[in-house]
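The values are calculated or read from the model by the stated rules, or taken from the named source; none is laboratory data. Note that the structure is a prediction, hence the values are computed from the model and not measured. Cβ coordinates were reconstructed from backbone atoms using ideal geometry, including for glycine residues, and neighbour counts include every protein chain displayed.
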Amino acid sequence: MSKPHLTTTAGFSIQHLQFMDHHGELTQALPSTINHETLIKLYEAMALTRLFDKKAINLQRTGQLGTYPSCHGQEAIGAAVGHAMQASDVFFPYYRDHATFLLRGTPMSDILSYWGGDERGSANMENRASEDFPICVPIADQCLHAAGAAFAFQYRNQARAAVVTIGEGGTSEGDFYEAINLAGAWKLPLVLVINNNQWAISTPISEQTACKTIAQKAIAAGIEGVQVDGNDVIAVHHVMQHALEKARSGKGPTLIEALTYRICDHTTADDARRYIPQDEYHAAFEFEPLKRLRRYLEKNNLWSEEKEKNMLTQHAATLDTIVTKFLERPKAQITDMFDYLYAELPKQFHFQRRELEAEYG
């Protein structure tokens, strides 16, 4: 890994990792685990995620989807996390992880269903190859769920890792600190990925914490903390592989801070123009991950305008099919709120369910 960026106390050091700058130039040699075929696959996954993102926003704007959180400009984090994980690992997402879901096999129509208020969007987990948890909107409690699963893997002597994602704003929550403290004390196979996109809704990072980095919060838990260029998919993938291998081999947890920038609204219920400085916002587009990786691929004769057009055409056709499937899905039943919440419905809710079913059919 690269040299430490910030030296801290008690023998810990926070490292800042980058392999490719925003011009598409390598800042150090590619890691042995990354080849050009992998880079093309990651680029295509990020491009599909961005198109999916735009499609979902259009659906929301036309009243066909509920409030939706974009991941525009942050696709490298999700793509790297999803590609680096093994099928046996378990993912505990927050709400901006569309790229990871796509690479982990979640049907895009299920993601749309979830944000359309349909419980069936999270109901098909048992039909997937992985045991990943569904989308989590409450802030930071997914970190505790992941720590619990990591303990189960450790208790069963299973070479598996629990991976949890969260925004930098969520690291101010007590659940986050409880999870990293437990992970450090018990040396759990847990990887925490913080998407530091600089804004916790409208609160800038400068008002969120006095820490110089989010990664150094790992020091209090006695675990490794790494800061990585979150717009460099190579760097995120590399540090993820290192953290996952460490977790599976019983060497404990890792906290990864991925630095990026949210070049979109917090959700479709937000207007980021009201609080993000516009010069800062427009400057961030020069550093976004797709533009960076495409520059590298083109400079190395691995990508062309023709390949770009063919990919976008293919992705568009795929998304049209997915959206059609989503829109044609039979309307959700009002009783779904009971049927998908509990494994076994408590007796006190039986009457309410029957009453709703009789009234709405």
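Points worth noting:
- Residue in segment 85-102 that is acidic (Asp, Glu), assigned by TED's automatic domain parsing to the domain that holds Asp271, in contact with a helix residue (DSSP H, G or I) (Cβ under 6 Å, 6 or more places away or on another chain) and not in a helix (DSSP H, G or I) present: yes
- Qualifying residue in segment 196-217 (condition: assigned by TED's automatic domain parsing to the domain that holds Phe91, touching a Phe, Trp or Tyr at 6+ places or on another chain (Cβ under 7 Å) and hydrophobic (A, V, I, L, M, F, W, C)): no
- Members of segment 249-269 found to be of a type outside the set (Val, Ile, Thr) and either outside any loop (DSSP other than H, G, I, E, B) or over 16 Å from Asn196 (Cα atoms) (or both), listed by number: Ser249, Gly250, Lys251, Gly252, Pro253, Leu255, Glu257, Ala258, Leu259, Ala269
- Residue tally, condition in a helix (DSSP H, G or I) and surrounded by 15 or more Cβ atoms within 10 Å (Cβ to Cβ), over segment 295-306: 4
- Selection of segment 133-188 for residues being among the polar types (S, T, N, Q) and assigned to a helix (DSSP H, G or I) yields Gln142, Gln154, Thr171, Ser172, Asn181.
- Among the residues here, Leu356 qualifies as closer than 26 Å to Leu112 by Cα, assigned to a helix (DSSP H, G or I) and outside the structural domain of Gln64 (by TED's automatic domain parsing).
- The set of residues in segment 319-361 that are surrounded by fewer than 14 Cβ atoms within 10 Å (Cβ to Cβ) and touching a Leu at 6+ places or on another chain (Cβ under 8 Å) comprises Ile334, Asp339.
- Screening Gln64 on (1) farther than 29 Å from Gly174 by Cβ; (2) within 12 Å of the chain's Cα centre (by Cα); (3) not small (Gly, Ala, Ser) shows it passes everything except condition (2).
- Pairs, first not assigned by TED's automatic domain parsing to the domain that holds Glu119 in segment 321-346, second part of a loop (DSSP other than H, G, I, E, B) and aliphatic (A, V, I, L, M), C-beta under 6 Å, six or more apart: Phe338/Leu345; Tyr340/Ala123
- Matching residues in segment 124-138 - criterion: being among the small types (Gly, Ala, Ser) and modelled with pLDDT under 70: Ala129
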